[in-house]
Amino acid sequence: MKPDEIRKLDAYFKRVFQSPNLEVKARPRKEDSAEVYVGDEFLGLVFKDEEDGDYNFSMAILDIDLD
């Protein structure tokens, strides 16, 4: 993703989840997605659908995280 897309997504996530600790970062060697973090903890990936220009956020939740 382009730096301006990442900045817009970063602002969007911070606003929607009301958390200034969220951060969207570029992925090394990948241009179709970005990583989402809270502090140092990885939350998920944001992918861009090139056909329609929309974004998709994917987050896995492990059983051990729910205890």
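Does ASP65 satisfy the criteria of being assigned to a helix (DSSP H, G or I), without any contact (Cβ under 8 Å) to a residue 12 or more places away in the chain and open to solvent by 80 Å² or more (accessible area, probe 1.4 Å)?
Considered against the rule, which asks whether it is assigned to a helix (DSSP H, G or I), without any contact (Cβ under 8 Å) to a residue 12 or more places away in the chain and open to solvent by 80 Å² or more (accessible area, probe 1.4 Å), ASP65 comes out as yes.
Exactly one of (1) open to solvent by 60 Å² or more (accessible area, probe 1.4 Å); (2) over 13 Å from the mean Cα position of the chain (by Cα) is unmet by ALA60. Its number?
Status for ALA60: all satisfied but (2).
So which residues in region 1-33 are modelled with pLDDT of 95 or more, hydrophobic (A, V, I, L, M, F, W, C), farther than 21 Å from LEU62 by Cβ and not in a helix (DSSP H, G or I)?
Hits for region 1-33 are VAL24, ALA26.
Each row is one residue, and each column tells you yes or no for (1) without any contact (Cβ under 8 Å) to a residue 40 or more places away in the chain; (2) among the aromatic types (Phe, Trp, Tyr).
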| site | (1), (2) |
| --- | --- |
| LYS2 | yes, no |
| ARG7 | yes, no |
| TYR12 | yes, yes |
| GLN18 | yes, no |
| LYS25 | yes, no |
| ARG29 | yes, no |
| GLY39 | yes, no |
| GLY44 | yes, no |
| LYS48 | no, no |
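Just checking, which of LYS48, LYS30, LYS2 is within 11 Å of the chain's Cα centre (by Cα) and at negative phi?
Selected residue: LYS48, the only one of LYS48, LYS30, LYS2 that is within 11 Å of the chain's Cα centre (by Cα) and at negative phi.
The values are calculated or read from the model by the stated rules, or taken from the named source; none is laboratory data. Nothing here was measured: the structure is a model prediction, and the numbers come from that model. Counting neighbours? That spans all protein chains shown, and the Cβs are built from the backbone with ideal geometry, glycine included. These accessible areas exclude ligands, DNA and RNA; they are computed on the full protein's heavy atoms, side chains included. Shrake-Rupley method; radii C 1.70, N 1.55, O 1.52, S 1.80 Å.
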